[in-house]
Amino acid sequence: MKNILLTISYDGTDFCGWQRQDCGDVRNAMRTVQGEIETALEKLLKQPVTLYGSGRTDSGVHAMGQAANFFSPIDSIPEKNYIRALNSFLPGDIRIVDAEEKPEDFNARFSATSRTYRYFIVSGETVSAAQNRFVWTVQYQPDIERLNKMAECLCGEIDCASFAASGDESLSTYRYIEGARFFTAPLFPDGREALVFEIEANAFLWKMVRTITGTLISLDKAGADVSSFKKILDVHDRTKAGVTAPPQGLFLYKINFDGIRRHV
């Protein structure tokens, strides 16, 4: 059997998240990215196949570089052929962008060393219909310098309990954050600039990135300084943080496999 790693892009708007939802009635099954790809794999390989994702994304969250592996029972298929073959079975809001063979013991979740997310924000009254599914529109002009000063606090081993959603089942709220920053980038297709929040960590708590983003934007809008954000970090209480940013601005940008594995 070949162990194949897929790099996957998807528009999460019409999905109930990444993870397959197991329920007895297929007619009422929720649409998920994992479920759609496993259906395509079964059509291609003529038998059920399990897809192992690097992590979950919530309903409405997108991906540019999600990673997932599966074991192919057909050794004769060159790995790159899976790109075109799977895309021919998949709906247009999921695309396989790369495929490569990995060692037998490789696992997209447990072999990952870090995950990088990007959140896209636009200031103003409105955006185009093509962009509306992929950004959070805020009604003020963010101060990127102040936001980056607060984002500098997000580095190293941190107790992220203040940003964990109620119901998170993680055994520990500590995460190792490689870094976080704000920068501007043009939006497709009209080139309008978006404010981008990028954060890389070994793993994330449920809704952690969206809660950090919402908190930082709320503090910036209120004119708060770095000490206000530090207090929220130190108190380890979700009720002291800000709003959870909406899902449509968030992208799982990249899964990294070549860094240092942090066990926190």
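The values are calculated or read from the model by the stated rules, or taken from the named source; none is laboratory data. Only a predicted model underlies this, so the values are computations on that prediction, with no experimental measurement involved. For neighbour counting, all protein chains shown are included, and Cβ atoms are generated from backbone atoms with ideal geometry for every residue, glycine included. Keep in mind that these areas ignore ligands, DNA and RNA; they rest on the heavy atoms of the full protein, side chains included. Shrake-Rupley method; radii C 1.70, N 1.55, O 1.52, S 1.80 Å.
Selection of the range 239-264 for residues being under 23 Å from ASN132 (Cβ atoms) and open to solvent by 80 Å² or more (accessible area, probe 1.4 Å) yields only VAL243. The residues of the range 92-103 that are more than 30 Å from PHE183 (Cβ to Cβ), surrounded by 13 or more Cβ atoms within 10 Å (Cβ to Cβ) and more than 20 Å from the chain's Cα centre (by Cα), listed by number, are GLU101, LYS102.
Please report, ordered by residue number, the strands (runs of 3 or more DSSP E) entirely within the range 132-243 with at least 3 residues that are within 22 Å of HIS62 (Cβ to Cβ).
On the way: elements: 136-138, 156-159, 174-186, 193-201.
Hits in the range 132-243: 136-138, 174-186, 193-201.
Examine the range 177-187 for a residue that is open to solvent by 10 Å² or more (accessible area, probe 1.4 Å), modelled with pLDDT under 95 and in contact with a Ser or Thr (Cβ under 9 Å, 6 or more places away or on another chain), and state whether such a residue exists. Yes, because at least one residue in the range 177-187 is open to solvent by 10 Å² or more (accessible area, probe 1.4 Å), modelled with pLDDT under 95 and in contact with a Ser or Thr (Cβ under 9 Å, 6 or more places away or on another chain).
Which of the residues spanning the range 112-131 are touching a residue at least 24 places away in the same chain (Cβ under 8 Å), assigned to a loop (DSSP other than H, G, I, E, B), open to solvent by less than 30 Å² (accessible area, probe 1.4 Å) and over 17 Å from HIS62 (Cα atoms)? If you could, list the steps in order and put the result at the bottom.
Going through the range 112-131, the residues touching a residue at least 24 places away in the same chain (Cβ under 8 Å) turn out to be 112-123, 127-128, 130-131.
This time we only want the ones that are assigned to a loop (DSSP other than H, G, I, E, B), so: 112-113, 127-128, 130-131.
Now restrict to residues that are open to solvent by less than 30 Å² (accessible area, probe 1.4 Å): 112-113, 127, 131.
Those that are touching a residue at least 24 places away in the same chain (Cβ under 8 Å), assigned to a loop (DSSP other than H, G, I, E, B), open to solvent by less than 30 Å² (accessible area, probe 1.4 Å) and over 17 Å from HIS62 (Cα atoms): ALA112, THR113, VAL127.
Which residues, counting only those in the range 104-139, are of a type in the set (D, E, K, R) and over 14 Å from PHE182 (Cβ atoms)? Of everything in the range 104-139, those that are of a type in the set (D, E, K, R) and over 14 Å from PHE182 (Cβ atoms) turn out to be GLU104, ASP105, ARG109, ARG115, GLU125, ARG133. Count of the range 93-133 residues, restricted to those that are in contact with a strand residue (DSSP E or B) (Cβ under 6 Å, 6 or more places away or on another chain) and closer than 10 Å to GLY249 by Cα, is 5. Of all the criteria given as (1) open to solvent by less than 40 Å² (accessible area, probe 1.4 Å); (2) closer than 22 Å to VAL243 by Cα, the one not satisfied by SER166 is (1). Residue count for the range 10-23, restricted to those that are surrounded by fewer than 21 Cβ atoms within 10 Å (Cβ to Cβ) and in a loop (DSSP other than H, G, I, E, B): 8. Here the condition is being outside any loop (DSSP other than H, G, I, E, B), among the polar types (S, T, N, Q) and either within 15 Å of LYS254 (Cα to Cα) or modelled with pLDDT under 95 (or both); of THR39, THR7, it holds for THR7 alone.
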